[in-house]
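Colleague: Shown below is the structure under consideration.
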Amino acid sequence: ELSRGEFEERHITEMELIMLQTLEWRVHPPTIQCFIEPFCAVLTRSEHQIAACIQQRAIFFAELALYDYSFVSKEKPLIAVAAILNAIEGLENGPIQEVRRVAFVSTVENTFDMEFDHQKVEGMRHRLWYIYSM
């Protein structure tokens, strides 16, 4: 009806299929979890021994972000960095050292050619810990 008879339903269906095949069916935006694995790959040698645990805990924190609407408009890589930092902090049973936090974020920024607003990352970290405490 919208095409005023110019196209039939099968034409639209065929074109949708062509587009999906051309895109190789990759039509979903990257999730927070899509960033966690490559970001964890840059952990320091001492952290590499527990990288799998850090990654699992970071995914847990990423899933917590789904419960808070305020994370919807946030950049997924920022949330991923915050989740990883919280995972490391949780394993150490205490605040993560400033030097380690800055070193990790800098390494991720340099490796992936990204730039993070450190105040936003810290705000997200605190929000994730708040959701965790609830």
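The values are calculated or read from the model by the stated rules, or taken from the named source; none is laboratory data. The structure displayed is predicted, hence computed values, not measured ones. Here Cβ is always computed from backbone atoms with ideal geometry, including for glycine, and neighbour counts include all displayed protein chains. Areas reflect the complete protein model, heavy atoms only, side chains present, ligands, DNA and RNA absent. Shrake-Rupley method; radii C 1.70, N 1.55, O 1.52, S 1.80 Å.
Colleague: Within the stretch 55-86, can you find the residues that are of a type outside the set (Gly, Ala, Ser) and within 14 Å of Trp129 (Cβ to Cβ)? Before you say what the answer is, go through the steps one by one.
Modeller: Initial filter on the stretch 55-86 (of a type outside the set (Gly, Ala, Ser)): 55-57, 59-61, 63-64, 66-69, 71-72, 74-79, 81, 84-86.
Listed by number, the residues that qualify are Arg57, Phe60, Phe61, Leu64, Tyr67, Asp68, Phe71, Ile79, Ile84, Leu85, Asn86.
Colleague: Which of the residues that make up the stretch 3-42 are more than 30 Å from Leu64 (Cβ to Cβ) and among the hydrophobic types (A, V, I, L, M, F, W, C)?
Modeller: Of everything in the stretch 3-42, those that are more than 30 Å from Leu64 (Cβ to Cβ) and among the hydrophobic types (A, V, I, L, M, F, W, C) turn out to be Phe7, Ile12, Met15, Leu17, Ile18, Met19, Leu20, Leu23.
Colleague: Something else: Can you list residue pairs whose Cβ atoms sit under 8 Å apart, with the first residue in the stretch 48-76 being more than 15 Å from Arg127 (Cβ to Cβ) and of a type outside the set (Lys, Arg) and the second being part of a loop (DSSP other than H, G, I, E, B) and open to solvent by less than 50 Å² (accessible area, probe 1.4 Å)? Count only pairs 6 or more apart in sequence or on different chains.
Modeller: Ala51/Leu43; Ile54/Leu43
Colleague: Please work out if Phe39 is touching a Phe, Trp or Tyr at 6+ places or on another chain (Cβ under 8 Å) and at pLDDT 90 or above.
Modeller: Spelling it out, Phe39 is indeed touching a Phe, Trp or Tyr at 6+ places or on another chain (Cβ under 8 Å) and at pLDDT 90 or above.
Colleague: Here's a check for you: in the stretch 67-96, which residue that is acidic (Asp, Glu) and at pLDDT below 90 is surrounded by the most Cβ atoms within 10 Å (Cβ to Cβ)?
Modeller: Filtering the stretch 67-96 for residues acidic (Asp, Glu) gives 68, 75, 89, 92.
Filter again for at pLDDT below 90, leaving 89, 92.
Numbers: Glu89: 18, Glu92: 11.
By that ranking, first place goes to Glu89.
Colleague: Among the residues of the stretch 107-117, is any outside any helix (DSSP H, G or I), open to solvent by 90 Å² or more (accessible area, probe 1.4 Å) and without any contact (Cβ under 8 Å) to a residue 40 or more places away in the chain?
Modeller: If we filter the stretch 107-117 for residues that are outside any helix (DSSP H, G or I), which is where we start, we get 113-117.
Now drop any that are not open to solvent by 90 Å² or more (accessible area, probe 1.4 Å), which leaves 113, 115.
Now narrow it down to the ones that are without any contact (Cβ under 8 Å) to a residue 40 or more places away in the chain: 113, 115.
Yes: the stretch 107-117 contains one or more residues that are outside any helix (DSSP H, G or I), open to solvent by 90 Å² or more (accessible area, probe 1.4 Å) and without any contact (Cβ under 8 Å) to a residue 40 or more places away in the chain.
Colleague: When you go through (1) within 22 Å of Tyr130 (Cα to Cα); (2) in contact with a helix residue (DSSP H, G or I) (Cβ under 9 Å, 6 or more places away or on another chain); (3) open to solvent by 20 Å² or more (accessible area, probe 1.4 Å) one by one for Ala52, which number turns out not to apply?
Modeller: The failed condition is (1).
Colleague: Here is a list of conditions, (1) closer than 29 Å to Ser133 by Cβ; (2) part of a helix (DSSP H, G or I), and Ile96 meets all of them except one; can you say which number that is?
Modeller: The failed condition is (2).
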